[in-house]
Each structure stands twice: as structure tokens, then as C-alpha cells.
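These notes concern the structure reproduced below.
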Amino acid sequence: MENKIQLYSLATPNGQKISIALEEMGLAYDAHKIDIIKGDQFKDEFVKINPNSKIPAIVDPVGDDGKPLSVMESGAILVYLAEKSGRFLPKDTAKRSKVLQWLFFQVGGAGPMFGQFGHFYKYAKKKCDHPYPVERYATETKRLLAVMDAQLSKNKYIAGDELSIADFSLAPWVLGLEKFYKATDHLGLNDFKHVKAWVENLSQSQAFQKGMEVCPF
């Protein structure tokens, strides 16, 4: 492995945020596609890395005092990589707290709610024809986007004036609402002007663009 980070992923929003971080941080890594459609995440080799059978996961060959260290859960991976690289997670206590707050906002709120919306809006139409699930998760998705829009109306990046792992965490999920779920009109995504401008700004980075395409479907 030549001491390079080993990334096990797929280009879903959760996977993309790690590859974006690796590219933006300039950390050397090898990418291994885990095809969740085929059930790769349940194979013994991957379960040894992530017992929860979810992508993404990483192995740092020298992360545990020179020995391999496996890291699961995308939020934890982002913090680990930020601390390893010394980038995109401030050392100042207040600034660090703001980044972590918005990172947790994604991990505990935006990611699960956007994902549930997408499940019922696009993938479960034939299994659930009742309007309630789509209405419930669309309403919450728009509420969360409004929270982000208000924050970004006052800040260049989601946690303040500096690019951070919180941006890497949230942006792929916002992009996924259009790319994966085709829900631009249903959610009125263009109405969240500050969110739209923020995503467009992030997308100008070649590292960001490259990170979005790692381990494609």
C-alpha cells in the first residue's frame, strides 16, 4: 500500500465527500470501488474494515503508531483526514466548534433526511403510493435547505469564511438532490439562491470535481 490511504467507496454523496476531502487535502490514496448494488459491502473482506457494512471506509496503513488503522463513518473519516493533513478543520476552539456543528448537521440531519426524501420520491414509488412520506421528507428537506441558505447568506462557506470539511460533507448531498433524485422542481432548489451559489463556487475547484467522480457507478 506504500503508506497511502486506502479508500473503499462508491460515488454516492457519502462516498463523494471523502474523495473530495482527499483530493482537496492532497493526500495520496488508492480508491477501491465497493459495489453496493452487488452486495460488496457484505463480503468478509470489507466487513473486517467496516463492521457496519456501509461505504465509505478507509484504511490508513500507518495510522495506529505505524500499524494499519481502519476508520468507518464518513463524519469520523473527515475529522481523521483533517487532523492527519492539518487542513480544513481549524485549531481555534470556536472555529473548530462551528465546523463540527455543521458537520454534525449533515451527518445527523441533512444526509438522513435528504436520503429518505430521495428513497420515497424516486425509488419507492411502486412500493408506496401514499403521499405522506414524500410530503414529510420534502418538507424537512426544504427546511434544512432554508437553514443552510440563511447561513450562507452571511458566510462564504457553511461554517464561516474558511473552506472546511463541513462544506465537503454537505455539498454532495445538495448536488445529489438534482443529480440522483431529479427533484429540482419538486423542491424548488433554484429558490435557495445562496446554497446554489455556494455549490457552484465549490464546483469550480478541480480537486472537488475529481473527488465527485471517484469510484463511479
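Pairing each residue of segment 21-37 that is at pLDDT 95 or above with any residue that is of a type in the set (K, R), provided the two are 6+ apart or on different chains, yields C-beta distances under 6 Å for E23/K210; M25/R87; A28/K4; Y29/K4; D30/K4. Considering every residue within segment 72-79, establish whether at least one is in the same structural domain as P172 (by TED's automatic domain parsing) and either among the β-branched types (V, I, T) or in contact with a Phe, Trp or Tyr (Cβ under 8 Å, 6 or more places away or on another chain) (or both). There is no residue in segment 72-79 that is in the same structural domain as P172 (by TED's automatic domain parsing) and either among the β-branched types (V, I, T) or in contact with a Phe, Trp or Tyr (Cβ under 8 Å, 6 or more places away or on another chain) (or both).
A search for C-beta distances below 7 Å between a residue of segment 192-217 that is more than 15 Å from L177 (Cα to Cα) and any residue that is β-branched (V, I, T) and assigned to a helix (DSSP H, G or I), counting only pairs 6+ apart in sequence or on different chains, returns F208/I20; G211/I20. Can you find a residue in segment 112-120 that is crowded, with 19+ Cβ neighbours inside 10 Å and within 17 Å of V199 (Cα to Cα)? Yes, the conditions are met somewhere in segment 112-120. When segment 181-208 is filtered for residues that are in a loop (DSSP other than H, G, I, E, B) and more than 18 Å from E140 (Cα to Cα), the ones remaining, listed by number, are S203, Q204, S205. Just one of the listed residues (G176, G211, G108) is outside any loop (DSSP other than H, G, I, E, B), of a type outside the set (D, E), loosely packed, with under 14 Cβ neighbours inside 10 Å and at pLDDT 95 or above, and it is G108. Sub-8 Å Cβ pairs linking a first residue in segment 120-139 that is more than 17 Å from D185 (Cα to Cα) to a second residue that is not in a helix (DSSP H, G or I), at least 6 apart or interchain, are P133/A124, ordered by first then second residue. Taking segment 111-139 as the range and being over 20 Å from K179 (Cβ atoms) and either in a loop (DSSP other than H, G, I, E, B) or among the acidic types (D, E) (or both) as the test, the residues that pass are K126, K127, C128, D129, H130, P131, E135.
Listed conditions (1) under 15 Å from Q6 (Cα atoms); (2) among the basic types (K, R); (3) more than 20 Å from the chain's Cα centre (by Cα) are all met by K43, apart from (1).
Criterion first (more than 19 Å from L202 (Cα to Cα) and modelled with pLDDT under 95) does M72 satisfy it? Break it down stepwise before answering.
On the way: more than 19 Å from L202 (Cα to Cα): yes; modelled with pLDDT under 95: no.
Considered against the rule, which asks whether it is more than 19 Å from L202 (Cα to Cα) and modelled with pLDDT under 95, M72 comes out as no.
Among residues of segment 10-49 being in contact with a Ser or Thr (Cβ under 7 Å, 6 or more places away or on another chain) and in a loop (DSSP other than H, G, I, E, B), the one that is farthest from P112 (Cα to Cα) is L27.
Counting only residues that are more than 14 Å from the chain's Cα centre (by Cα) and small (G, A, S), how many does segment 13-40 have? Count: 4. The condition of being outside the structural domain of S19 (by TED's automatic domain parsing), within 29 Å of S97 (Cβ to Cβ), in contact (Cβ under 8 Å) with a residue 60 or more places away in the chain and out of contact with any Phe, Trp or Tyr (no Cβ under 7 Å at 6 or more places or on another chain) holds for only one of L175, L144, L163, that being L175.
Can you name every residue in segment 71-85 that is under 16 Å from A28 (Cα atoms) and not hydrophobic (A, V, I, L, M, F, W, C)? Of everything in segment 71-85, those that are under 16 Å from A28 (Cα atoms) and not hydrophobic (A, V, I, L, M, F, W, C) turn out to be Y80, E83, K84, S85.
For residues in segment 54-85 being outside any strand (DSSP E or B) and of a type in the set (K, R), which is farthest from C215 (Cα to Cα)? Result: K84.
The values are calculated or read from the model by the stated rules, or taken from the named source; none is laboratory data. Because the structure is predicted, anything quoted here is derived from the model rather than measured. Ideal geometry is used to build each Cβ from the backbone, glycine not excepted, and the neighbour counts take in all protein chains shown.
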